[in-house]
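So the structure is just underneath, and the comments pick up after that.
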Amino acid sequence: MRGANCQSRGRNGTCESLYRIRGVEVLAVTRFDDNPYPWINGVVMPTVWRKKFGRGKVFFSALGHGPDEFEHEAMREILRRGLLWASR
């Protein structure tokens with residue numbers, strides 16, 4: 001994203017922005033080590049969160065990179081619970 005107001009740039013020049021969203025309830029985090037990118041060593045990033053938004057609800061999950069990951073019961077359970085909470 002050339003010309004974007006980036007908080008940081010990765011080694012390949014891509015824009016790596018983190019956004020702060022107030023009032024979220026963080027349900028899970030990812031803790032990064034320095035493999036394969038040393039500049040993220042020690043970073044703790046929310047990966048599953050929920051938030052009430054006006055009269056609605058938002059559930060967010062950054063878990064999984066492909067459909068085969070949902071073969072794991074824990075992944076399906078996180079998604080099931082999040083969607084159930086958001087739908088009530």
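For the reader, a short list of remarks on this structure follows.
- Backbone HN-Hα couplings from phi across segment 59-68 [Karplus 6.51/-1.76/1.60, Hz, Gly and Pro as x]: 10, 10, 9, 9, 6, x, 10, x, x, 5
- Our coupling estimate for segment 69-77, obtained by passing each phi through the Karplus curve with A = 6.51, B = -1.76, C = 1.60 and θ = phi - 60°, is 5, 7, 6, 7, 4, 4, 5, 5, 5 Hz, Gly and Pro reported as x.
Every read-out reported here was derived from the displayed coordinates using simple, explicitly stated rules and does not represent laboratory data. Since the model is a prediction, treat every value here as computed from it, not as a measurement.
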